[in-house]
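The values are calculated or read from the model by the stated rules, or taken from the named source; none is laboratory data. Values in this document were obtained by computation on a predicted structure and should not be read as measured data. Note: ideal-geometry Cβ built from the backbone for every residue, glycine included; neighbour counts use all protein chains shown. Just so you know, the surface numbers come from the protein's heavy atoms only, side chains and all, with ligands and any DNA or RNA stripped out. Shrake-Rupley method; radii C 1.70, N 1.55, O 1.52, S 1.80 Å.
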Amino acid sequence: MKLALEVTAAVRAHWPKSKPLFFRMSVVDGIDVGWSIDESVVLAKELAKLGVDLIDCSSGGYNIEKKHILQRTLGFQVYLAEAIKQRAGVPVVTVGMITKAQQAEAILQGSQADLIAIGRTALHDPYWPRHAAEFFNYAEKFEQWPEQYGWWLDRWSKSLKRLPVERSKK
Ligand SMILES: Cc1cc2nc3c(=O)[nH]c(=O)nc-3n(C[C@H](O)[C@H](O)[C@H](O)COP(=O)(O)O)c2cc1C
């Protein structure tokens, strides 16, 4: 852990106290010999002592305990974030094949993670967070969209709502 702890201490010493410091960790890594959740729990506790506010729980894609490549199923790394959150008692972000708003919300409501990170989902839909807010009827008036077109989209959605519901022709 020496390098990780020394780098973290150096970064924290220069990064403003008022700003959060995240640490991305490969929670499980390596084949046969490697790095497991147990070691990551110890490291997470040490990092928290050094002022890390949140652990970003990634992995090398290999489950050392089960000796298999992590299947790229939806939320395939959530169990890693949950383990660090529960066992190290530090806030965590989970990442990896989180694609739907309901999926993200279920992870948060289930206290499996404190934050959700999206990579390719954001490449596919740069407005994913706004669409997630819409899905939960959180943002009615597009006030979270860039002002230039939030105003237009608000009128657009009102026009859409006024359209007669198309009856399926089947
Ligand atoms: C274009 C691209 C660049 C990435 N670069 C990095 C990187 O520099 N460091 C890293 O730890 N992960 C990197 N990742 C992995 C993502 O941070 C993320 O953990 C991974 O894509 C799984 O999340 P997703 O299923 O939402 O894409 C990258 C992913 C993509 C798609």
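Values for this structure:
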read-out: Selected residue (only one of Leu108, Leu160, Leu153 is of a type in the set (A, V, I, L, M) and under 30 Å from Ser36 (Cα atoms)); value: Leu108
read-out: Exclusive hit being surrounded by 14 or more Cβ atoms within 10 Å (Cβ to Cβ), closer than 30 Å to Tyr79 by Cα and away from the ligand (no atom under 16 Å from the Cβ), set Asp114, Asp125, Asp154; value: Asp114
read-out: Any hit, the range 85-101, residues being without any contact (Cβ under 8 Å) to a residue 60 or more places away in the chain, farther than 21 Å from Ile37 by Cα, more than 11 Å from the chain's Cα centre (by Cα) and open to solvent by 50 Å² or more (accessible area, probe 1.4 Å); value: yes
read-out: Test: residue in the range 63-83 that is at pLDDT 95 or above, touching an Asp or Glu at 6+ places or on another chain (Cβ under 9 Å) and buried (at least 18 other Cβ atoms within 10 Å of the Cβ); value: yes
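Conditions tested, residue by residue: (1) touching an Asp or Glu at 6+ places or on another chain (Cβ under 9 Å); (2) assigned to a loop (DSSP other than H, G, I, E, B); (3) within 16 Å of the ligand (Cβ to nearest atom).
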| position | (1), (2), (3) |
| --- | --- |
| Ala9 | no, no, no |
| Ala13 | no, no, no |
| Pro20 | yes, yes, no |
| Phe23 | yes, no, yes |
| Asp38 | no, no, no |
| Val42 | no, no, no |
